[in-house]
Amino acid sequence: MKKIELKFENEDGKIVTYALDNPVEPVDPDEVNAAMDEIIAQNAFTSSGGDLVAKKSARIVENIVEEIELD
């Protein structure tokens, strides 16, 4: 399953990560950038270290699980 991870810095200087399943692909970096700006502007999320104050990064993560057959 693929996820998009949005990483922000909070008031304490810590990195806070929000992950969303099944991102729209191909990912448009301009839209991700705008969405992250809007999250900060609207103070849409908070963290134990305070409000989100800056964007750090965004990335697509794919987790592949392969079952192992046991006897």
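Could you list, in sequence order, the residues of the range 30-60 that are part of a helix (DSSP H, G or I) and aliphatic (A, V, I, L, M)? I'd like the intermediate steps shown before the answer.
Within the range 30-60, the first condition is being part of a helix (DSSP H, G or I), and the residues that meet it are 30-41.
Hits for the range 30-60 are Val32, Ala34, Ala35, Met36, Ile39, Ile40, Ala41.
In the list Ala44, Ala58, Ala34, which residue meets the criterion of being small (Gly, Ala, Ser) and in contact with a helix residue (DSSP H, G or I) (Cβ under 7 Å, 6 or more places away or on another chain)?
So the residue among Ala44, Ala58, Ala34 that is small (Gly, Ala, Ser) and in contact with a helix residue (DSSP H, G or I) (Cβ under 7 Å, 6 or more places away or on another chain) is Ala58.
Restricting attention to the range 44-53, report how many residues are surrounded by 13 or more Cβ atoms within 10 Å (Cβ to Cβ) and within 27 Å of Lys2 (Cβ to Cβ).
3
So, Val61, is that one in contact with a strand residue (DSSP E or B) (Cβ under 8 Å, 6 or more places away or on another chain), closer than 10 Å to Ile4 by Cα, of a type outside the set (Ser, Thr, Tyr) and surrounded by fewer than 13 Cβ atoms within 10 Å (Cβ to Cβ) or not?
Spelling it out, Val61 is indeed in contact with a strand residue (DSSP E or B) (Cβ under 8 Å, 6 or more places away or on another chain), closer than 10 Å to Ile4 by Cα, of a type outside the set (Ser, Thr, Tyr) and surrounded by fewer than 13 Cβ atoms within 10 Å (Cβ to Cβ).
Output the qualifying pairs, or none if there are none: Cβ atoms under 9 angstrom, residues six or more apart or on different chains, first residue in the range 5-29 and of a type in the set (A, V, I, L, M) and part of a strand (DSSP E or B), second residue modelled with pLDDT under 95 and crowded, with 16+ Cβ neighbours inside 10 Å.
If the second residue must be modelled with pLDDT under 95 and crowded, with 16+ Cβ neighbours inside 10 Å, the pairs left are Val16/Ser47.
The values are calculated or read from the model by the stated rules, or taken from the named source; none is laboratory data. Remember, predicted model here, so these are calculated numbers, not experimental data. Virtual Cβ from ideal backbone geometry, glycine too; neighbours counted across all protein chains shown.
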